[in-house]
Ligand SMILES: [Zn+2]
């Protein structure tokens, strides 16, 4: 009789801190990865700019430091 070791261990949780390119807010991003992860997107809560990330589930984002550009507009991909 053998016990399978940690059947849930396919998920690898990780987090990283990344400043938003657009508004300068520092974002803490928490993702769960697994083999063959699809590409998801996370959204900067401060300006709405989206970033791709490889993750098994929807990434969680929290703002560590607010935006630094002093504006309150929203990022738009099609600005012109
Ligand atoms: Zn932003």
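The values are calculated or read from the model by the stated rules, or taken from the named source; none is laboratory data. Predicted model, so just to flag it, every value in this text is computed and none were measured. Cβ atoms come from the backbone with ideal geometry, glycine included; neighbour counts cover every protein chain shown.
The table below gives the values:
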read-out: Leading residue by the ranking (modelled with the lowest pLDDT) among those in the stretch 14-37 that are surrounded by 10 or more Cβ atoms within 10 Å (Cβ to Cβ) and over 12 Å from the mean Cα position of the chain (by Cα); value: 37
read-out: Residue satisfying all of: in the stretch 49-67; part of a loop (DSSP other than H, G, I, E, B) and loosely packed, with under 14 Cβ neighbours inside 10 Å; farthest from the chain's Cα centre (by Cα) among these; value: 66
read-out: Total residues in the stretch 22-48, condition assigned to a strand (DSSP E or B) and within 9 Å of the ligand (Cβ to nearest atom); value: 2
